[in-house]
Amino acid sequence: MKKLYILTAIMLSLLMTSCDENAQFRGELYKKVIYLLSTDDYTFESEHDLGEESIGYITAYCAGTQHIDHDVTVTLEPDPDAVGDYNYMYFDLDSSRYAHTLDASKYSIDSYQTILRADNEDNYALLPIKIRPDGLSPDSTYFIPLRIKSVSDYEINPDKQKVLYQIVLRNKYATMASTTYYQVTGVEDRHLAAGDVAGGISVTRIFAPLSKNQVRCFAGTNTYNPANVTKAEIDKYAMTLTINSDNSITITPYGSLVVEMLGGAEDNYFAVDTRNRYVFHLHYRYKDTIAGEEAWIEMTESCVQRK
């Protein structure tokens, strides 16, 4: 009988323990905290089309296993120190690579408050930002630095209380979200004092968006790595391609490059091929120094979008 009592006690204890374990899963496994969506370095990238105002969003989340049972107001504010902290952490004294705080004329925020709704099945809320990207450089990084100022309930996650909203430029022909490549084939004709030297070319060229209907690329067979290209290289070799309303192309220097269009719209135009790829047909000449000798280099080429 004594053994039976002991066995019964053990069984009752196990049953009570099992009930306690089930009870903890019916409750909150970890506390609710409010935070802003970003990567580990606090950045959040969003593409914006040149030539128009567009809207991006900051996302405020509530972490927790259970949904909120009442509305929670999240109030944001500018974070004046965030961009400086980012530059110091990643670039130290190399100011040539510093990110910039986006000028106030390039964006607007109607309200710095957003509300996590109890009647919304999602545990997040969006705060809209109107972006006007025209005039921004594809060679610079632009941030809108924000942080959580206050919440009407729960705690703020101190490791995720700020965000660097990054404006990424794009147009129909190129984007800065990833490197945009075009495959170039054609003929290069070097007009040297010793005589003309012509030959076929095949090179991969990078296109960068400048405006709604403009892209930038290097002339000839000159190429670069986006990670370490210098302003001097861009100034020396970059040209601007303007796609006109009739799909003709106008070629102009981006910096100090001496470049001239050759022919007219029949030689310089934009098209879409049978595989739905963008194609730039170009005919131009530019000046460069070859083995210590300044020469005109004439290019007849087709630039085909790589997908």
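The values are calculated or read from the model by the stated rules, or taken from the named source; none is laboratory data. Values in this document were obtained by computation on a predicted structure and should not be read as measured data. Glycine also receives a Cβ, built like all others from the backbone with ideal geometry; neighbour counts cover every protein chain displayed.
Would you call Tyr286 touching a Phe, Trp or Tyr at 6+ places or on another chain (Cβ under 8 Å), aromatic (Phe, Trp, Tyr) and within 30 Å of Ser95 (Cα to Cα)? Break it down stepwise before answering.
Numbers: touching a Phe, Trp or Tyr at 6+ places or on another chain (Cβ under 8 Å): yes; aromatic (Phe, Trp, Tyr): yes; within 30 Å of Ser95 (Cα to Cα): no.
Answer is no for this residue.
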When residues of segment 61-95 are limited to those that are within 19 Å of the chain's Cα centre (by Cα) and without any contact (Cβ under 8 Å) to a residue 24 or more places away in the chain, the one surrounded by the fewest Cβ atoms within 10 Å (Cβ to Cβ): Phe91
Can you pull out every residue in segment 42-80 that is more than 28 Å from Lys31 (Cβ to Cβ) and of a type in the set (D, E, K, R)? Glu45, Glu47, Asp49, Glu52, Glu53
Need a quick list: strands (runs of 3 or more DSSP E) entirely within segment 208-307 having at least 2 residues that are among the β-branched types (Val, Ile, Thr) and under 23 Å from Ser178 (Cβ atoms). 238-243
Exclusive hit being in the same structural domain as Thr141 (by TED's automatic domain parsing) and either at pLDDT below 50 or surrounded by fewer than 15 Cβ atoms within 10 Å (Cβ to Cβ) (or both), set Thr39, Thr43, Thr17, Thr8: Thr39
Among (1) in contact with a helix residue (DSSP H, G or I) (Cβ under 6 Å, 6 or more places away or on another chain); (2) closer than 14 Å to Tyr254 by Cβ; (3) of a type outside the set (Gly, Ala, Ser), the one test that Lys162 misses: (2)
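For segment 131-138, state whether one or more residues are of a type in the set (D, E, K, R), within 15 Å of Tyr154 (Cα to Cα), touching a strand residue (DSSP E or B) at 6+ places or on another chain (Cβ under 7 Å) and assigned to a loop (DSSP other than H, G, I, E, B).
No, the conditions are met nowhere in segment 131-138.
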Before we move on, is Tyr173 of a type in the set (Phe, Trp, Tyr) and either farther than 18 Å from Thr59 by Cβ or touching a helix residue (DSSP H, G or I) at 6+ places or on another chain (Cβ under 8 Å) (or both)? yes
Does Asp49 qualify as being surrounded by 13 or more Cβ atoms within 10 Å (Cβ to Cβ), under 29 Å from Leu210 (Cβ atoms) and touching a Gly at 6+ places or on another chain (Cβ under 7 Å)? no
